[in-house]
Amino acid sequence: MVVYDRFGRPVKGVRISLNSSSHCNFNCIFCHKEGIYSPPNYMTATEIGRIIRVLTRFGIEYAKLTGGEPLLRSDIVEIVREVKDAGIKELSMTTNGTRLPTLAHELKENGLDRINISLHSLKRDRFRFITGVNMLDNTFKAIQESIDAKLNPVKLNVVVLKGVNDDEIHDLIEYSYSLGGRETNVLQLIELLKVDQEFYQKYHFDLNIIEKEISKIAIKVRYRRLQNRPVYYLKNGVQVEFVKPMYNHAFCMGGDRIRITYDGKFKPCLMRTDNHVDFLEAMRSGASDEELAQIFLKAVSLREPFFKTEVSKEEVYHVDTSSCII
């Protein structure tokens, strides 16, 4: 039984933060280190598995593990197994790939279906400038091991930055092709989020410019239901997906997932911090599955599109994103 919110949007997926957004071994220049800074109160693997079992009764079909950096959890394999065994049909993860060279196959064997890996540049100096670490070779290994483990399609997440990596699109397409094109991977170009005005003005690159060029060489285009994202199919077999800023009604109206914070709260809206619904305290106090189900339904009832109409560029900067932790 799929549940719907007051605006007719089904809830079919869940995005689970496994640690605070500030808990990451990369230091990307565009990361605004948002999240909760109170003492850690992480859900255990067993607790995560239990709440997902409750949610699958209501038609939740897919889940994504995120962070911070989810692979920093020492129990990440157990978490993957718990979530998959709870009845999730498709389980994915977004990661910088640090531990994938040694974990990719084990994660696959325990239920992970596919993976998103950050790859913001193919050039060593640029990669270090963007991420704050000298780990490009490790990222290449992570991508290849993930492909070998059949965590397909491996999504290559690239935040495009003006004057930094905006001239690498052709090289990234060639790299995607060398990996097998859409048979193994998807090149995902992400537009910079507007959080800090000065940083945004310096590094923002309008993805419409790239999309216009890609559209001229594409043999097919389709639009994903999720946020109406355009996906272009190139003649050489490469697939390029565009992820544009969340500040639009298509993002909100197309959302069909609910978020869970690392400290056990349902987060009905990515853009709000005043309507979190705690379930972990109830769970640790002996709540039954039926009581947890009612807490979930309460969270669904609080879902509301943050943007119901198109938002002007002038309005965007005034949106509070201080706790968009997942």
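Below is a table of values for the structure above.
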read-out: Qualifying positions in the stretch 254-295 - among the charged types (D, E, K, R) and assigned to a strand (DSSP E or B); value: R257, R259, K265, K267, D278
read-out: Residue match in the stretch 51-65 (condition: at pLDDT 95 or above, under 27 Å from G163 (Cα atoms) and of a type in the set (S, T, Y)); value: no
read-out: Candidate set: the stretch 267-291, residues that are charged (D, E, K, R) and modelled with pLDDT of 95 or more; chosen: the one surrounded by the fewest Cβ atoms within 10 Å (Cβ to Cβ); value: E290
read-out: Enumeration of residues in the stretch 198-237 that are under 17 Å from V160 (Cα atoms) and assigned to a loop (DSSP other than H, G, I, E, B); value: F205, D206, R229
read-out: Residues satisfying the stated conditions in the stretch 198-234, i.e. surrounded by 14 or more Cβ atoms within 10 Å (Cβ to Cβ) and hydroxyl-bearing (S, T, Y); value: Y200, Y203, Y232, Y233
read-out: Filtered residues of the stretch 180-197 (kept if surrounded by fewer than 17 Cβ atoms within 10 Å (Cβ to Cβ), on the phi < 0 side of the Ramachandran plot and either at pLDDT 95 or above or charged (D, E, K, R) (or both)); value: E183, D196
read-out: Considering residues of the stretch 142-161 that are buried (at least 16 other Cβ atoms within 10 Å of the Cβ) and assigned to a loop (DSSP other than H, G, I, E, B) only, the residue farthest from the chain's Cα centre (by Cα); value: A149
read-out: Selection within the stretch 189-247 - farther than 17 Å from I173 by Cα, of a type in the set (K, R) and touching a strand residue (DSSP E or B) at 6+ places or on another chain (Cβ under 8 Å); value: K194, R222, R224, R229, K244
read-out: Search result, residues across the stretch 123-140 that are under 21 Å from the mean Cα position of the chain (by Cα) and more than 16 Å from L72 (Cβ to Cβ); value: F127, I130, L136, F140
read-out: Boolean, E61 is acidic (D, E), out of contact with any helix residue (DSSP H, G or I) (no Cβ under 8 Å at 6 or more places or on another chain) and within 30 Å of D125 (Cα to Cα); value: no
read-out: Filter pass, G87 being under 26 Å from D289 (Cβ atoms) and modelled with pLDDT of 95 or more; value: yes
read-out: Subset of the stretch 149-206 (residues that are more than 20 Å from P230 (Cβ to Cβ), of a type in the set (F, W, Y) and out of contact with any Lys or Arg (no Cβ under 7 Å at 6 or more places or on another chain)); value: Y175, F199
read-out: Matching residues in the stretch 169-197 - criterion: being in a loop (DSSP other than H, G, I, E, B) and in contact with a Ser or Thr (Cβ under 6 Å, 6 or more places away or on another chain); value: V195
read-out: Looking only at the stretch 292-326, and only at residues there that are surrounded by 13 or more Cβ atoms within 10 Å (Cβ to Cβ), among the small types (G, A, S) and out of contact with any strand residue (DSSP E or B) (no Cβ under 7 Å at 6 or more places or on another chain), the one that is modelled with the highest pLDDT; value: A293
read-out: Positions within the stretch 156-181 being out of contact with any helix residue (DSSP H, G or I) (no Cβ under 7 Å at 6 or more places or on another chain), of a type outside the set (F, W, Y) and in contact (Cβ under 8 Å) with a residue 60 or more places away in the chain, in sequence order; value: N157, V159, I173, S176
read-out: Pair list, Cβ under 9 Å, 6 or more apart: the stretch 21-36 residue under 15 Å from Y200 (Cβ atoms) and aromatic (F, W, Y), other residue at pLDDT 90 or above and crowded, with 17+ Cβ neighbours inside 10 Å; value: F30/H120; F30/I130; F30/V159; F30/L161; F30/L192; F30/Y203
read-out: Any hit, the stretch 256-266, residues being in contact with a Ser or Thr (Cβ under 6 Å, 6 or more places away or on another chain) and at pLDDT below 95; value: yes
read-out: Checklist (1) assigned to a loop (DSSP other than H, G, I, E, B); (2) farther than 23 Å from R272 by Cα applied to E47, failing item; value: (1)
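The values are calculated or read from the model by the stated rules, or taken from the named source; none is laboratory data. Just so it is clear, the model here is predicted, and its values are computed rather than measured. In this analysis, Cβ positions are derived from the backbone assuming ideal geometry, glycine residues included, and neighbour counts consider all displayed protein chains.
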